[in-house]
Amino acid sequence: MLVLIAYALGSEARRAVNPADKLLPAPTQIVETAQRLLTQSDKRSGDILFWKDTGASLRRLALGVGIAATLGLGFGLLIGLLPLVRAGLAPFVSVLSMIPPLAVLPILFIVLGLGEVSKVALIAIGITPFLIRDLSQRVAELPAEQIVKAQTLGATSLAIGLRVALPQIMPRLLQAVRLSLGSAWLFLIAAEAIAAENGLGYRIFLVRRYLAMDVILTYVIWITLLAFVIDWLLKRLTQRLYPWAGEGGL
Amino acid sequence: MSYVEVSNVFQSYGTRPILERVSVTVEKGEFISIVGASGCGKSTFLRLLLAQERPTRGEIRIDGAPPAREPDRDRGVVFQRYSVFPHMTVRDNLVAAEALGANAAGYLFGQASRDARARADLALERIGLAHVAAQYPAALSGGMQQRLAIAQALAAKPKILLLDEPFGALDPGTRLKMHDFLRDMRAETGMTVFMVTHDLSEGFKLGDRVLVFDKIRWDPQNPEAYGATITYDFDARVALPPPAMLEEKTHVH
């Protein structure tokens, strides 16, 4: 609220000096722009660009995070449960997670081309090591008593993985995904800013050339809202699916 | 041949001996209490029985089977904590006792699953947990959780039941109720039980025999130089030795 008031005052002050100021457009102008963006279709293609950008970005985000979550869960379980795999893979994953993902972006563009694959790959590469490390840690933290108990009930390693470890780290996976969504957005917008034909990040960096602050701000507010809603949905999902995890698990 | 045979077992961690020359035989259906001062290796002995660890020397055979390399279905276990699965409901915890070992993936399907659930509900009825069948263990009191853990271990029909200070975390009143519960369960199943406890009276009350673990050799300069062994094997079914003598002999207070 305070931020909004400060912005309104700042915007007011600047426009009092120069009515054509573009840096801090009036809140009313942003609302007008937002209305235009949300409802009017592009003259050339006939699509409403705003929704098209949102769809394209969300699809990339979902794919990237989905792939990362699957990999993180699989490798996290293996590394956490099987000492042999842990000895072989854990140091490798640690080193891998040290590579700044944005530094490999050019490699991805060169190898995978400028299409969708490289953007999804950047998100996946960016957050998978974090997920693997976090989840393998959680699996390793399961009380040894539980594993022994499962063994005395005749469980194989597979059964322990599927019935004891997997369900117990699922809420942890959702939580880790929530934590890594911030980075996922960062990688998405960075990839889109450099090479894309649509997407929220692409649009922001495109209109930057025209100093169209009203458009940029609309998109930023929209991205924030999306991120907030996704986070909230994941939290509700965790509570709904894993009631035993309790507040402590969130 | 006895049901459980422990022959000349040594266990050391690195150069540090924990157990020395432990030999004992146990008949089917006996209730063995294991007592001793802290750090005397009674929990190590239980882990050896459980096959969670393998002895440095000697071997443990149950029902004549070759020594186990990993915990298996022959051994049921209840720990002081973490013995039930927190992500399964009370009923599913009992079903898991059958399901986990049913196949490689640990899932039961169709009729087998329905049968297991019916058996679980019967067992819950008997141990007085039927009213919480759909709840998660976190919602249960400590005593109820341990009752569930014992029922879960017995549902897998093990050859021996191992209890590692099962009532250590419970308040005295609950503990007394659990003693009755354990006696009933044992009378019903005729199970061979090993129970580690640090409470002498509990050990004598529940056990047929009480094994005392202690160090027979003691180097004041190097207290860790020697391991412990079984120093006394009381028959708890006959008259008890006077408490003062017990304390002196067992070094348990």
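The values are calculated or read from the model by the stated rules, or taken from the named source; none is laboratory data. Computed from a predicted model, the values in this text were never measured in an experiment. Positions of Cβ are generated from backbone atoms using ideal geometry, with glycine treated the same way; all protein chains shown enter the neighbour counts.
Quick check on the stretch B:78-115: of everything there that is more than 20 Å from the chain's Cα centre (by Cα), within 11 Å of chain A (Cβ to nearest Cβ) and hydroxyl-bearing (Ser, Thr, Tyr), which residue is surrounded by the fewest Cβ atoms within 10 Å (Cβ to Cβ)? Only one residue tops the list, namely B:107. The residue that is surrounded by the most Cβ atoms within 10 Å (Cβ to Cβ), counting only those in the stretch A:105-156 that are within 14 Å of chain B (Cβ to nearest Cβ) and of a type in the set (A, V, I, L, M), is A:153. Of the set (1) surrounded by fewer than 17 Cβ atoms within 10 Å (Cβ to Cβ); (2) of a type outside the set (Lys, Arg); (3) within 10 Å of chain A (Cβ to nearest Cβ), all apply to residue B:136 but (1). Looking across B:18, B:34, one residue alone is under 22 Å from residue B:193 (Cα atoms), crowded, with 18+ Cβ neighbours inside 10 Å and touching a residue at least 24 places away in the same chain (Cβ under 8 Å). It is B:34. Within the stretch A:42-78, if we keep just the residues that are in contact with a Leu (Cβ under 8 Å, 6 or more places away or on another chain) and of a type in the set (S, T, N, Q), the residue that is farthest from residue A:159 (Cα to Cα) turns out to be A:54. Please verify whether residue B:59 is at pLDDT 85 or above and within 14 Å of another protein chain (Cβ to nearest Cβ), treating the condition exactly as stated. Answer is no for this residue. Here's a check for you: in the stretch A:86-106, which residue that is part of a helix (DSSP H, G or I) and of a type in the set (Val, Ile, Thr) is modelled with the lowest pLDDT? Out of the qualifying residues, it is A:104.
In the stretch A:157-173, the residue that is nearest to residue B:107 (Cα to Cα) out of those that are more than 7 Å from chain B (Cβ to nearest Cβ) and in contact with a Phe, Trp or Tyr (Cβ under 8 Å, 6 or more places away or on another chain) is A:170. Taken residue by residue, the stretch B:121-133 has no member that is within 9 Å of chain A (Cβ to nearest Cβ) and aliphatic (A, V, I, L, M).
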